[in-house]
Amino acid sequence: AVGRAVHAVLQTVDLATGDGIGPAARAQSLAEGVPEREADVAELAAAALRAPVVRRAVEEGLACWREVPVAAVVDGVLVEGFVDLLVEAPEGLIVVDYKTDQPAHEAGLDALVDRYAVQGGAYALALETALGWPVARCVFVFARRGTPVEREVPDLPGALARARAALPSAAAGVG
């Protein structure tokens, strides 16, 4: 519920200034049935806005789209999902995916990045198929109190291949 609330806040607030976080956190916390977590939702959303990939997009004036629906038929299978933040950078598209997992140690974070890499690969696969544009990076932003942790999928072509290999058993989309 907190994660959904944080994602909803990040869809609407000003990426550059964070304006609107307080009211959005209040509304989304109520909508998710966790009004007692309003401060946490606001704090995690604010942390995500401090991530280097988000700051770069804002500071360089890069084109950004939020909560982008993506769908493509790949090898006869529909691959679909929602990209939290899609950034058009000179080197190609950057997929940004916000995460609210709170691993206690670095090894836990590494395990999460490995687990989520296929999701990032699926987003890249769907975007490249649908748009014909290269996805240069997939970055997971772990929103946490204080400084957010940003982790890039270390081998995006490998993650893309893993996502493609997983398709025949996929009954539903990615998301």
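For this structure, a couple of remarks:
- For the range 76-93, the Karplus equation 6.51 cos²θ - 1.76 cosθ + 1.60, evaluated at θ = phi - 60°, returns couplings of x, 10, 7, 10, 9, x, 10, 8, 4, 8, 10, 10, 9, 10, x, 7, x, 6 Hz by residue, with Gly and Pro reported as x.
- Inter-site label distance for Asp110 and Ala89 at 7 Å from Cα along Cβ, in nm: 2.4 nm
- Summed residue charge, Cβ within 12 Å of Tyr123's Cβ, Lys/Arg positive, Asp/Glu negative: -3
- Other residues whose C-beta falls under 13 angstrom from the C-beta of Gln11 contribute a net charge of -1, scoring Lys and Arg +1 and Asp and Glu -1.
- Each Lys and Arg Cβ is given +1 and each Asp and Glu Cβ -1; about its Cα centre, the range 3-45 then shows a dipole of about 120 debye.
- Entry note: the range 3-71 has Rg to Rh equal to 1.00, where both radii use alpha-carbon atoms and Rh is the Kirkwood radius.
- Rounded to whole numbers, the Karplus 3J(HN,Hα) couplings from phi for the range 106-117 are 4, 4, x, 5, 4, 5, 5, 4, 5, 5, 7, 4 Hz, using 6.51 cos²θ - 1.76 cosθ + 1.60 with θ = phi - 60°, and x at Gly and Pro.
- Here the Gaussian network model covers the chain, with springs between Cα atoms less than 10 Å apart; of Gln102, Gln11, Gln119, Gln102 fluctuates the most.
- Tensor-based shape of the chain (alpha-carbon gyration tensor, a/c under 1.5 rounded, otherwise prolate or oblate): prolate
- Largest to smallest in accessible area, the residues Glu88, Glu60 fall in the order Glu60, Glu88 (1.4 Å probe, all protein chains included).
- The amide H of Phe140, built 1.01 Å from its N in the peptide plane, has Asp97, Arg151, Glu152, Val153 as neighbours under 5 Å, considering only residues 5 or more places off or on other chains.
- When +1 charges are put on Lys and Arg Cβ atoms and -1 charges on Asp and Glu Cβ atoms, the dipole computed for the range 75-134 relative to its Cα centre reaches about 80 debye.
- Pairwise label distance in nanometres, Arg66 with Asp155, each label 7 Å out on the Cα-Cβ vector: 3.5 nm
- Close amide H contacts of Ala89 (hydrogens built in the peptide plane, cut-off under 5 Å, sequence separation of 5 or more or a different chain): Ile94.
- Along the range 8-22 the Karplus relation, 6.51 cos²θ - 1.76 cosθ + 1.60 evaluated at θ = phi - 60°, assigns HN-Hα couplings of 5, 4, 5, 6, 10, 6, 5, 5, 6, 10, x, 3, x, 4, x Hz to successive residues, with x for each Gly and Pro.
- Mean-square fluctuations from a GNM of the chain, with a 10 angstrom spring cutoff on Cα atoms, peak among Gly76, Gly108, Gly22 at Gly76.
- Based on DSSP H segments of at least four residues, each scored -39500 (n - 2.57), the chain has a per-residue ellipticity at 222 nm of -14500 deg cm²/dmol.
- Under the convention that each Lys and Arg Cβ holds +1 and each Asp and Glu Cβ holds -1, the size of the dipole of the range 1-122 around its Cα centre is about 180 debye.
- In the range 24-94, the portion of solvent-accessible area held by carbon and sulfur atoms comes to 54 percent [1.4 Å probe, whole percent, DNA, RNA and ligands not counted].
- Across the protein chains, with a 1.4 Å probe defining accessible surface, the residues Asp110, Asp84 rank Asp110, Asp84 from largest area downward.
- Accessible area per residue for the chain, computed on protein heavy atoms with a 1.4 Å probe, is 46 Å².
The values are calculated or read from the model by the stated rules, or taken from the named source; none is laboratory data. Keep in mind that this is a model prediction, so the values were computed, not measured. All Cβ positions, glycine included, derive from the backbone under ideal geometry; neighbour counts span all protein chains shown. Remember, those area values only see protein heavy atoms, side chains included, never the ligands or the DNA or RNA. Shrake-Rupley method; radii C 1.70, N 1.55, O 1.52, S 1.80 Å.
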